[in-house]
Amino acid sequence: MASLFKLGRSRTIRLIQSFPAVKLHLTGAVMRATEVEFDKAKEHLKTLKNDPGNDTKLRIYALFKQATQGSCSSPKPGMLDFVNKAKWEAWNSLGNISKDDARQKYVDLVGTLISSEAPIQKEATTAGDPKSSYQTLQVTTENNITTILLNRPEKKNAISRKMYEEIMQALEQAGKDDSVLTVMTGSGDYYCSGNDLSNFTQVGAEGVEKLARDSGELLTRYVSHFIDFPKPLIAVVNGPAVGIAVTGLGLFDVVYATDRATFHAPFSQLGQSPEGCSSYTFPKMMGTAKANEILLFNKKLTAAQACDLGLVAEVFPDNTFQQEVWKKLRAYAKLPKDSLRYSKQLIRGMEKEKLHAVNAQECVRLQERWLSEECMNAIMGFFQNKSKL
Ligand SMILES: CCCCCC/C=C/C(=O)SCCNC(=O)CCNC(=O)[C@H](O)C(C)(C)COP(=O)(O)OP(=O)(O)OC[C@H]1O[C@@H](n2cnc3c(N)ncnc32)[C@H](O)[C@@H]1OP(=O)(O)O
C-alpha cells in the first residue's frame, strides 16, 4: 500500500485516463446526457488542485472501472502486490452495482471534489478583494457559503497572533456579507493545533506581564467574535483539534467531523486553564463529570466520543468526509437566510451576556496562569525538547 499512497495527483489522473473510452449501451436523451456528464467529469478531474487522498482516488478508480467494464471479475492480486490489491479491493467492493449507477456516482464524486475546492481557486486570488489579502487564511464565498480556511498547514494551523487578528477580521466580513452560512475548516491534515506556542516566546521590552495582559486582551476579543457572530457558524473539523480549537467549538452552531479527528484540550498539562467559554459550555453540553475529564484531566476524545457527548453533530468516514459534508452544507445554504439568522440569534440571545462574563473571567485566570512557573515550564518544554502532547 505504501507506494500507492505516494501516487501523485497527475499520476493518478493519468492512470484513470488510460482506460478505454466509455462505450454505453443505453439509448435516448438521458443516456447521452450521462455520457456527456461522465466525459466532463473525466475532464474536470484533471483540474483538481488538491490531492483528494488515496481513499478517494481508489474510489474514483473503482467507479471508473465499474462504469466502463462492469463488476470486477479479475483474480485478486497477490498479497505482496500492494497497489494492485488495493485497487482490486476498491473495485470489487462495488459488487454488482450497475454501470449506470457507477457512472452517476463517479460524476457526483468528481463534482463534489471540484466544488469543494472551487471557491479557493475562483475567488481567493481576486485582485483588490480584501479576502485575498489574508496571510494565514483563505477566505472564499461560493454557493451562499463563506469558508474561512485556516491555512498554516506546515504548523498544523497553529493560531499565531496574526491569525487571531485575521480570523476576527474574516468573521466580521462574513457576518456582514450575503452568505447564508459561514464555515471554518483547516488545510492539510490538522484542523488546528491550538494557540501557536511561540506567541508566548516573543517577550518585548516591557516584559512578560505586558505580554500576558496583551494576550488576555487579544483572547477576550477573539472569543467575543464567536459569541456575537450573527449567522450560523459551522466547524468542518477535517483532522485533529487541540486547545482553543476544541474549546471554541462550543460556540459554533454545528460541528461536523471526520472520523480521523481527535479533540484534545490539555490545559493542566500546559499549566493553563480552560478558555473559549468551555468552562461553561462543556459542562452544560455534556455534564460536569465528562467535561472535567476533558478540561481538568486532558482526556483526548475520538470523533465518535465527541459526537456522543454532543460536541459534534455528525461524524463521517474520512474517505467521504469532504464530499458528504459539503453536499449537506450546500443544501442548508439554500434555506432562507434571514430565517436562519434570526433563529440563531434567538437561540444564542439568552446566553450572550453569560458567555461574555465567562469569557472575561477565563481570560483573567489565564493572564495569571501564563505568568506561572507551571505554564512557562510547559511552553519551554515544547520548544526545547519538542515534548509533544
Ligand atoms: C494570544 C494568546 C491566546 C492564548 C489562547 C489559549 C490557548 C491555549 C491552547 O490552545 S493550548 C494548546 C496549544 N497547543 C499545543 O500545545 C500543541 C503543540 N503541538 C504539538 O504537540 C504537536 O506539534 C502536535 C501533536 C500538534 C503535532 O505533532 P506532529 O504531527 O508530530 O507534528 P509536528 O510537531 O512536527 O508539527 C509540525 C510543525 O508545526 C509546529 N507546531 C504544531 N503545533 C504548534 C503549536 N501549537 N504552536 C507552535 N508550533 C506548532 C511544530 O513545532 C512543527 O514545527 P517545525 O516544523 O518543527 O518548525
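The table below gives the values:
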read-out	value
Helices (runs of 4 or more DSSP H) wholly inside segment 286-389 containing at least 2 residues that are among the small types (Gly, Ala, Ser) and more than 27 Å from Asn50 (Cβ to Cβ)	288-295, 337-349, 352-370, 373-385
Test result for Asp189, more than 30 Å from Leu371 (Cβ to Cβ), within 13 Å of the ligand (Cβ to nearest atom) and surrounded by fewer than 17 Cβ atoms within 10 Å (Cβ to Cβ)	yes
Where Leu218 falls short, out of the listed (1) surrounded by fewer than 20 Cβ atoms within 10 Å (Cβ to Cβ); (2) of a type outside the set (Gly, Ala, Ser); (3) within 24 Å of Cys307 (Cβ to Cβ)	(3)
Residue count, segment 93-130 (criterion: over 21 Å from Trp326 (Cα atoms), of a type in the set (Lys, Arg) and at pLDDT below 65)	0
Scope segment 223-272; condition hydroxyl-bearing (Ser, Thr, Tyr) and buried (at least 23 other Cβ atoms within 10 Å of the Cβ); matching residues	Thr247, Tyr256
Scope segment 26-74; condition of a type in the set (Lys, Arg) and at pLDDT below 75; matching residues	Arg32
Given (1) within 8 Å of the ligand (Cβ to nearest atom); (2) assigned to a loop (DSSP other than H, G, I, E, B); (3) closer than 15 Å to Leu150 by Cβ; (4) of a type outside the set (A, V, I, L, M, F, W, C), index of the condition Pro266 fails	(3)
Residue in segment 193-213 that is in the same structural domain as Gln361 (by the TED database), within 15 Å of the chain's Cα centre (by Cα) and within 15 Å of the ligand (Cβ to nearest atom) present	yes
Given (1) within 16 Å of the ligand (Cβ to nearest atom); (2) over 24 Å from Ile167 (Cα atoms); (3) outside any helix (DSSP H, G or I), index of the condition Gly276 fails	(2)
Unmet requirement for Leu94, which otherwise passes all of (1) of a type outside the set (D, E, K, R); (2) surrounded by fewer than 18 Cβ atoms within 10 Å (Cβ to Cβ); (3) under 30 Å from the mean Cα position of the chain (by Cα); (4) over 23 Å from Lys328 (Cβ atoms)	(2)
Checklist (1) more than 30 Å from Arg341 (Cα to Cα); (2) within 9 Å of the ligand (Cβ to nearest atom); (3) of a type in the set (Ser, Thr, Tyr) applied to Tyr222, failing item	(1)
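Yes/no per residue for (1) surrounded by 15 or more Cβ atoms within 10 Å (Cβ to Cβ); (2) farther than 26 Å from Phe229 by Cβ:
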site	(1), (2)
Met286	yes, no
Ala304	no, yes
Leu309	yes, no
Glu314	no, no
Ala331	no, no
Leu355	yes, no
Cys375	yes, yes
Phe383	no, yes
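The values are calculated or read from the model by the stated rules, or taken from the named source; none is laboratory data. Quantities reported herein were computed from a predicted structural model and do not represent experimental measurements. When we count neighbours, we look across all protein chains shown, and the Cβ atoms used for this are built from the backbone with ideal geometry, even at glycine.
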